[in-house]
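See structure below.
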Amino acid sequence: MSYDVAIVGSGPGGAVTARECARRGLSVVVLEEGDHVEPGEVAPYSLEQMRRQYRHGGLTVALGRPPVAYTEASCVGGGSEVNSGLYHRPDSGVLDEWSRTNAIEGLGAAELAPWSTLVEERLSVATAPGPLSPASEVLRRGAETLGWDGLDVPRWQRPDEAGGKGARQTMLRTYLADAVAAGAEVRPRVRALRLRLERGRATGVHTDRGVVSADQVVVCGGAIQTPALLLRSGIRRNVGRGLSVHPTVKVLADFDAEVNDPADLATYQVKEFAPGLTLGGSAGRPGMIALGLSGTWERDRDLPADWPRQSVYYASIRGQGSGRVRLVPGFEDPLVTYALTRRDLAALRAGLGRLMLLLAAAGARVQVPSYVGAPRVLDADQVPSAAGAMTRGNASVMTVHLCGTAAMGEDRRRGVTDSFGRVHGVANLRVNDASLLPSAPGINPQGTLMAIAHRNVDQMLEGAG
Ligand SMILES: Cc1cc2nc3c(=O)[nH]c(=O)nc-3n(C[C@H](O)[C@H](O)[C@H](O)COP(=O)(O)OP(=O)(O)OC[C@H]3O[C@@H](n4cnc5c(N)ncnc54)[C@H](O)[C@@H]3O)c2cc1C
């Protein structure tokens, strides 16, 4: 069967593309490798969720020194189904920086503002009603004691009628539902193997269920799989270079009172050192806590017995390092590498120190930074040596924010696509996901990529391409 538009990947980028194309009357198919898992079917942050909604159960790593563990969702709705739902408007300073470095047209904050408003309305972006959760209150209290700036970050979560937190507005509940209502077909468990290219134009997608023909192909597989698919299809120029992430380190903190909500996490972020450094809270199920202690498990295996009084917090930097996605002949998965710079390592140490000072100020009794052989930190005086002892050799670094591997821009020395996601040198082929963002934005990225995806698909539908 032939479609006007075939979209690979149903995450935030693919869902925006599908909704807008279907609403303008185009025939649309969305090919999604992962399963359809209804919101609420698996417990948030659980091991079952990792198994059903993440690629390889969430166990993926970018090789380097230190290696950087990363997670990719793989399910209908992509990352939106599993993530924390924290929303920021695109940062105007970062947009200006990208416009300059990559020669991107029309990417000012004012130009994106109407798209951001649309996203905020459709996703019901708001701060949670009622008092801060205990895990958030820890961050707020520490920041207030130290005189640091922070905010309770709005989320795509519509409060329920009883004034409770309500349900996160994932793509399945919003953009994909709209797309399907407008006639789009979403096909789960279909993997795009490579693009069908004929005489310099994309005409469809080869999948593990046969060929899908389409006039336009939009690749939205996320910042690891999008470049892998382009490379498998023989599109190579700059593809897979420039992988950019928010390298993140964590601390397990133990308090007098209960702080942990196993079904949720802190929404408060400390932004005193933004956009270079963000401090916030992670998920705190017992399994996550045990993972946070993997570097000191022999000593600290008794700690998770008290897990409701413990929570995991993070320090996340806007890394300057860079990574690459490459194909390895004979293997299905791409090889991902990431090189942390010396400055990144210093910034992570400083971030870890600031995080531990903040947690000590908020009343943490015991802290364990998550690096191999880390000491237990019992008061603020011990923070400098504990942070300073994190090295390339022992650091345990992770990330959930991946960007930059098919960067947009008119500068063909850097960009894979033009300013609006059209792949340079191939007609009727676009990218419309986090791969386009030239670098990690210093804020949770979904709001930024969705506004950009809206703008790009609008330009496509106006017939400019
Ligand atoms: C645990 C976690 C927490 C996060 N928290 C936040 C947050 O609070 N706020 C925020 O702004 N961001 C957050 N993020 C990041 C955010 O989720 C991502 O930036 C966003 O989902 C990226 O969207 P995308 O469209 O680029 O790709 P993705 O969401 O990665 O979706 C890509 C989809 O394409 C599919 N796919 C890939 N290749 C193929 C193929 N060959 N064939 C068929 N299908 C394919 C994948 O299975 C996947 O479902 C978080 C991410 C994670 C993992």
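If R0 is taken as 51 Å, the Cβ-Cβ distance between residue 301 and residue 462 corresponds to a FRET efficiency of 0.30. Spin-label pair residue 412-residue 342: with each label point 7 Å from Cα along the Cα-Cβ axis, the two points sit 3.7 nm from one another. When peptides 306-313, 22-29 are sorted by average Cβ neighbour count within 10 Å, with the highest value leading, the order is 306-313, 22-29.
How big is the charge dipole of the range 88-171 about its Cα centre, in debye rounded to the nearest 20, if each Lys and Arg gets +1 on its Cβ and each Asp and Glu gets -1 on its Cβ?
Working: 9 positive and 13 negative charges, 65 e Å.
Around 320 debye, computed over the range 88-171.
What is the ratio of the Cα radius of gyration of the range 78-233 to 2.2 N^0.38 Å, where N is its residue count, to two decimals? Provide the component values of the computation, followed by the final result.
On the way: Rg = 20.4 Å, N = 156, 2.2 N^0.38 = 15.0 Å.
The value comes to 1.36.
Got a number for carbon plus sulfur as a percent of the chain's accessible area, 1.4 Å probe? Walk me through the numbers before you get to the answer.
Values: 9250 of 18120 Å².
Carbon with sulfur: 51 percent of the solvent-accessible area.
In terms of the mean number of neighbouring beta-carbon atoms within 10 Å, the peptides 190-198, 433-441 order highest first as 433-441, 190-198. In plain terms, the bigger the Kirkwood radius, the slower the diffusion; for the range 265-320, with that radius from Cα pairs, at 37 °C and 0.692 mPa s, Stokes-Einstein puts D at 262 µm²/s.
Residues within the reach of a label modelled at residue 376 (point 7 angstrom out along Cα to beta-carbon, backbone nitrogen below 11 Å), restricted to the range 273-301, are 299-301. The relative contact order of the chain, computed from alpha carbon pairs under 8 Å that lie at least 6 residues apart in sequence, is 23 percent.
How many percent of all Cα-Cα pairs in the range 234-298 sit more than 13 Å apart? Counting every Cα pair in the range 234-298, those more than 13 Å apart make up 75 percent. Rg over Rh for the chain works out to 0.97, both radii taken from alpha-carbon positions and Rh defined as the Kirkwood radius.
Please compute, over every Cα-Cα pair in the range 267-406, the percentage with a separation greater than 24 angstrom. Don't skip to the answer; put the middle values down first.
Values: 3438 of 9730 pairs.
Roughly 35 percent, once rounded to a whole number.
Paramagnetic label reach from residue 332 (point 7 Å along Cα→Cβ; backbone nitrogen cut-off under 20 Å): within the range 35-52, residues 35-37, 49-52. Computed about its Cα centre, the charge dipole of the range 195-295 is approximately 1020 debye, with only Lys, Arg, Asp and Glu carrying charge at their Cβ.
Computed extension gain for residue 113 through residue 194, at 0.36 nm per residue and net of the alpha carbon distance, reaches 25.7 nm. Using a 7 Å offset from Cα along Cα-Cβ at residue 101, what residues in the range 237-261 end up with backbone N under 14 Å from the label point? The answer is 241-247, whose backbone nitrogens lie closer than 14 Å to the label point. In the full protein context, the range 365-453 carries 31 Å² of accessible surface per residue, based on a 1.4 Å probe and ignoring ligands, DNA and RNA.
The values are calculated or read from the model by the stated rules, or taken from the named source; none is laboratory data. Every value quoted in this text rests on a predicted model; they were computed, and no experiment measured them. Reconstructed Cβ throughout: ideal geometry from the backbone, glycine too, with neighbour counts over all protein chains shown. With ligands, DNA and RNA removed, areas are computed over all heavy atoms of the protein, side chains included. Shrake-Rupley method; radii C 1.70, N 1.55, O 1.52, S 1.80 Å.
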